[in-house]
Every structure is written in C-alpha cells, then in structure tokens.
1. Between region 89-148 and region 40-80, what is the C-alpha centre distance in whole Å?
2. Pop a pseudo-label 7 angstrom from the Cα along the beta-carbon direction at both R32 and H235 and give the gap in nm to one decimal.
3. Under a 5 Å amide H to amide H cut-off, with H placed in plane at 1.01 Å, what residues pair with L5 once short-range neighbours are removed?
4. What does the charge count around C96 come to, taking other residues whose C-beta lies under 12 Å from its C-beta (Lys +1, Arg +1, Asp -1, Glu -1)?
5. Could the peptides 218-224, 107-113, 169-175 be put in order, highest first, of the mean number of other beta-carbon atoms found within 10 Å of their residues?
6. Using θ = phi - 60° and the Karplus curve 6.51 cos²θ - 1.76 cosθ + 1.60, what whole-Hz ³J(HN,Hα) does each residue of region 79-92 get, with Gly and Pro shown as x?
7. Which FRET efficiency value, to the nearest 0.05, is calculated for D142 and R220 with the Förster distance at 25 angstrom and r the Cβ-Cβ distance?
8. For S128, what residues show an amide H to amide H distance below 5 Å, using hydrogens built from the backbone and excluding near sequence neighbours?
Amino acid sequence: MAAPLLIGTSLKMYFGYQKTLDWCRQVTDIARQHPAVTQGHAALFIMPSFPTLSPVLEIVRDTDIRIGAQNLSDQPPGAWTGEVSAAMLAEMGCRCVEVGHAERRRHFHEDETLIAAKTAQAMANGLSPVLCVGEIEQGDPDVAASECIRQVESALTDVPQPRETDLIVAYEPHWAIGAPQPASKEHISAVCIKLQAWLDGHGGGRVIYGGSAGPGLLSRLEGSVQGMFLGRFVHDASAFEQILDEVMTLHDASR
Ligand SMILES: O=C(CO)COP(=O)(O)O
C-alpha cells in the first residue's frame with residue numbers, strides 16, 4: 001500500500017488554552033471515524049502551543065495522531081532559561097517538531113546555523129523534524145527548488161548519516177503564508193517534485209506543502225506532494241474532514 005498522505009497543522013499562537021483542547025477533541029473525533037485515517041491512507045499530526053502539549057497528548061492517546069511542538073532548543077538539557085529540550089518533548093510523547101518556520105526565521109532571526117543545530121537535536125532524540133523551507137519572494141519555480149534544496153542541505157549539516165529518524169520537509173514559500181490563497185498548483189508541483197527527487201537521492205524524506213492551504217488543494221496537486229501542512233484554513237475543524245474526504249477520493253481514484 002502507498003505511504004499514507006501526511007496531513008498536519010500548526011496552530012501557531014492563534015488559539016487560547018481551552019479552544020486548543022476543544023479543537024483537538026473535534027479533530028480527534030473526526031480522525032477516529034474517518035476511513036482515510038482508519039484505513040491508513042492519511043497520517044495526521046498536530047502542533048499546538050507548548051502549554052497544551054500534555055493535555056493534547058492525552059486527548060489523542062488511543063489514536064495514531066502524532067503530536068509535535070512548534071519549536072525546540074538547539075541545545076541539550078542544561079542552563080538554558082526559557083528553552084524546551086528535544087529530550088523533554090520526546091519523553092512527553094511528542095513524535096515530531098517544527099524547525100525553521102518562516103515566522104521564526106523572520107521574526108526571531110533564526111539563521112541556518114541555529115536551524116541545523118535544532119534539526120540535529122530533534123533527530124538525535126527521535127523526533128521527526130517538520131523542516132520548513134521556502135523562498136522569500138515569488139518567482140521562478142526552478143530557482144525556488146534550488147533554494148529549498150540548499151536550505152534542506154544546510155539544515156542537515158549536523159545530522160549523522162545514515163539518518164535514523166524520519167524527515168518531513170514542509171515546502172512553504174514565504175510569500176504564500178498568511179496570503180488569501182496558496183501558490184499556484186503549477187508552482188507547488190514543480191518545486192515539490194524537484195525537492196522530493198533530491199530527498200530520494202539523499203537519505204529520504206517526504207515533502208508536504210504549506211502556505212494558505214485548505215480544502216481542495218490536495219486534489220488539485222494530483223499526487224505531486226506527500227501531504228499538507230495546514231494553517232488558518234483548518235481553524236474550522238470541519239475543514240479537516242473535507243481534506244480527509246479528498247484523501248479518500250484520491251485513494252479510490254488511484255486503484
Ligand atoms: O505557515 C503555515 C503552516 O505552518 C501556513 O499558514 P497559513 O495556511 O495560515 O498561511
């Protein structure tokens with residue numbers, strides 16, 4: 001059977017504590033009964049804010065939904081006030097962690113050295129990095145693909161080979177994040193196909209797309225991505241159900 005499509009979301013800092021738990025319960029209820037999930041065609045991950053990780057892990061306990069943090073320290077445990085270690089996230093039951101998101105690069109000045117150290121910390125502790133890469137300005141997809149490959153290579157600098165932890169690469173063109181609509185399907189497909197080919201030849205990994213993604217996009221991408229990294233357009237949890245319906249339709253069409 002083909003690998004399940006990865007359908008994930010970061011809640012960024014949008015929701016409060018209670019709203020996060022309510023939303024996660026809704027999505028978990030959808031996942032429990034949706035054939036795309038129960039038949040193994042979709043694998044879900046959710047990245048809520050740090051203070052909600054523990055109760056959210058409890059909400060999804062009897063499911064295969066992966067929970068991850070939106071950030072981690074680049075350092076092993078020690079005297080790093082205010083930071084959260086990969087070791088603690090893994091101990092809690094997190095299975096993935098976001099690294100290199102455009103908002104962290106832009107607003108928190110995370111550079112490639114820091115992103116490489118965070119990626120290495122994640123992998124050394126068995127957390128799959130959801131490594132976000134993308135070009136800043138809209139332009140030619142070949143140039144964008146080269147830039148993304150360069151960013152992935154740079155992020156993997158400190159990771160020992162062969163890699164022992166799954167890598168998820170989220171292609172998120174900065175200009176398409178928080179926008180009214182995603183990048184065009186031609187642009188997304190052109191970049192993701194090149195990025196996936198590069199990963200296939202360099203230790204593996206799976207490319208998903210994020211940036212104003214919502215219901216309908218997965219179907220339009222016709223198999224050129226391995227999943228979606230969702231934001232605002234799944235804040236209404238029913239959108240998750242629509243996307244899982246698409247996964248099912250894609251699966252049925254491929255038989
Ligand atoms: O950055 C994103 C996912 O982490 C995308 O967010 P939006 O879908 O809200 O643009």
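1. Cα centres, region 89-148 to region 40-80: 16 Å.
2. If labels sit at R32 and H235, their model points lie 2.7 nm apart.
3. HN-HN under 5 Å from L5: A42, A43.
4. Working: positive: R66, R95, R206; negative: E98, D166.
Charge balance in the 12 Å sphere: +1.
5. Numbers: 218-224: 16.6, 107-113: 11.7, 169-175: 25.3.
Put in order of decreasing packing, that is 169-175, 218-224, 107-113.
6. In residue order, the calculated couplings are 7, 9, 3, x, 9, 10, 7, 4, 4, 5, 4, 5, 4, 5 Hz.
7. On the way: r = 21 Å, r/R0 = 0.83.
Here the calculated transfer efficiency is 0.75.
8. Those qualifying (amide H under 5 Å, at least 5 residues apart or on another chain) are C96, V97.
The values are calculated or read from the model by the stated rules, or taken from the named source; none is laboratory data. Small disclaimer: the values here were computed from a predicted structure and weren't measured. Every residue, glycine among them, receives a Cβ derived from its backbone with ideal geometry; neighbour counts consider all protein chains shown. Just the protein is used for accessible areas: all its heavy atoms, side chains included, with ligands, DNA and RNA removed. Shrake-Rupley method; radii C 1.70, N 1.55, O 1.52, S 1.80 Å.
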